[in-house]
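Structure first, commentary second.
The values are calculated or read from the model by the stated rules, or taken from the named source; none is laboratory data. No experiment lies behind these values; they were computed from the predicted model shown. Virtual Cβ from ideal backbone geometry, glycine too; neighbours counted across all protein chains shown. Remember, those area values only see protein heavy atoms, side chains included, never the ligands or the DNA or RNA. Shrake-Rupley method; radii C 1.70, N 1.55, O 1.52, S 1.80 Å.
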Amino acid sequence: MRDENIVLELPRRRVRFADLMELTKPRITLLVLITTLVGFYMGSRDGINFLLLFHAIIGTGLVAGGASALNQYFERDLDARMLRTRNRPLPDGRLVPNEALIFSAIISAAGVAYLMFFVNILTGALGAATLVGYVLVYTPLKTRTTLCTLIGAFPGAAPPVMGWTAARGEIDAVALSLFAILFLWQMPHFFAISWIFTEDYMRAGFTMHGSGVKTGRQIIFFCCALIPISVLPTIFGLTGMIYLLGAILLGFVYLGYGFAVALFRSNTHAHRLLRVSVLYLPALLVLMMIDKLQ
C-alpha cells in the first residue's frame with residue numbers, strides 16, 4: 001500500500017509543478033529572456049561574458065516569471081470569467097491562491113536579489129521597478145482605464161535595457177532606443193489582442209481598447225512612430241546599413257497590416273496583424289545582432 005501511495009504521489013507532484021510553471025507564463029517569459037539576451041549582446045563591447053549573461057538570464061527569468069505569477073494571482077477571479085483564461089491553474093482550482101502567492105513572491109524576490117548580487121545593482125533595481133510597475137500599477141489599472149495598455153508597455157520594454165545594463169552597467173541613449181523600439185512594438189501587438197478578445201475582456205470587467213475606429217487609429221499611429229525609432233541603432237552607430245534597410249522594410253510591412261485592421265475593422269485582419277507582430281520582433285532583433293558594428 002505504501003508503494004502504491006508513492007507511485008500515485010509522483011504524478012500529482014508533476015502536475016503541481018507544471019501548474020506552478022504555467023503561472024509564470026513560459027512563452028512570455030521566453031520572449032523576455034530573448035530580448036534580454038539581445039540587449040546584453042548589443043551592449044557587450046569586447047566579447048560576451050557568458051557567465052555574466054547566464055546570471056542576467058537567470059535573474060531576469062525569475063523576475064519575469066514572478067511578475068506573471070503575481071498577475072495571475074491578483075486577476076484569478078477575473079480570469080475565471082474569460083473563455084481564454086478560465087482554464088488557468090487558479091481559476092480552474094488546480095492551485096489554491098495562498099500557494100500561488102507564496103511561490104510567485106519567492107521567485108520574484110529571489111530574482112531581484114539574484115540580479116543585484118550576481119549582476120549589478122542597476123540591473124537589479126530595474127528588475128524591481130519592472131516588477132512593481134507590472135504588478136502594482138499595470139495590473140490594477142486594467143479594470144480602471146484604457147491607458148493601462150500604454151502604462152503596461154513600460155515594464156514590458158525594460159528587458160533589453162536590463163540586458164544592456166547587465167553588460168555595461170549604465171543606461172545611455174542606445175539603451176533607451178532599444179527600450180523605445182520594444183515599447184512601440186507592443187502597442188499594435190496588444191491592440192490586436194484586445195480587438196480579437198473584446199467581448200471576453202468586457203465579460204471580465206477589463207477596461208481595454210476594443211474593436212473600433214479609435215483603436216484602428218492608434219494602431220496606425222504607433223506603427224508609424226515605430227519606423228523612425230527602429231532606425232535609431234544605426235543613427236547611434238550600433239548597427240549598419242543591412243539593419244537600417246531591414247528595419248524600414250519590416251516597419252512598413254507592420255504598418256501595412258495595421259492599416260488593414262483600421263480600414264476593414266475585422267477580427268480576421270486583427271489576427272493577421274497579431275501574427276505579423278510576432279514575426280516582426282524576432283526578425284528585427286536578428287537583423288540587429290547580425291549587423292552589430294561595435
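So here's what we get for this one:
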{"item": "Added length on full extension, which subtracts the Cα-Cα distance from 0.36 nm per residue, Val132 to Cys224", "result": "30.1 nm"}
{"item": "Dimensions in Å of segment 84-208 - Rg and Dmax from alpha carbons", "result": "16.6, 46"}
{"item": "Gain on full stretching of the segment that runs from Ile242 to Phe17 - 0.36 nm per residue minus C-alpha separation", "result": "76.6 nm"}
{"item": "Sorted peptide list for 79-85, 36-42, criterion being average Cβ within 10 angstrom, highest first", "result": "36-42, 79-85"}
{"item": "Environment charge of Phe191, counting only residues whose C-beta is closer than 11 Å and scoring Lys/Arg +1, Asp/Glu -1", "result": "+2"}
{"item": "Dmax and Rg, reported as Rg then Dmax, of segment 1-156 (C-alpha, Å)", "result": "17.6, 62"}
{"item": "Per-bin percent of Cα-Cα distances, segment 121-278 [10 Å]", "result": "11, 35, 34, 18, 2"}
{"item": "Per-pair calculated FRET efficiency, R0 = 25 Å: Arg203 and Phe264 via Cβ, rounded to 0.05", "result": "0.50"}
{"item": "Relative pair counts by distance (%), Cα atoms of segment 208-278, 5 Å bins", "result": "3, 18, 24, 21, 14, 10, 7, 4, 0"}
{"item": "Rg followed by Dmax, in Å, when the chain is reduced to its Cα trace", "result": "20.1, 71"}
{"item": "In range of the label at Ala110: residues from segment 37-63 whose backbone nitrogen is under 18 Å from the point 7 Å along Cα→Cβ", "result": "54-63"}
{"item": "In nm, spacing of pseudo-spin labels at Ala173 and Leu279 (7 Å Cα→C-beta vector)", "result": "3.4"}
{"item": "Within the accessible area of the chain (1.4 Å probe), percent carbon and sulfur", "result": "68"}
{"item": "Zone residues, segment 18-57, relative to Lys292, backbone N less than 15 Å from point 7 Å out along Cα-to-Cβ", "result": "34-54, 56-57"}
{"item": "Residues of type lysines that Lys25 reaches as a straight line, Cα spacing below 28 Å, ignoring anything fewer than 8 places off in the same chain", "result": "Lys142"}
{"item": "Gain on full stretching of the segment that runs from Leu30 to Asn49 - 0.36 nm per residue minus C-alpha separation", "result": "4.8 nm"}
{"item": "Heavy-atom accessible area per residue - the chain, 1.4 Å, Å²", "result": "48"}
{"item": "Leu249/Val96 FRET efficiency (R0 51 Å; Cβ-Cβ; nearest 0.05)", "result": "0.55"}
{"item": "Pair Ile235, Leu147: separation of 7 Å Cα→Cβ label points (nm)", "result": "2.7"}
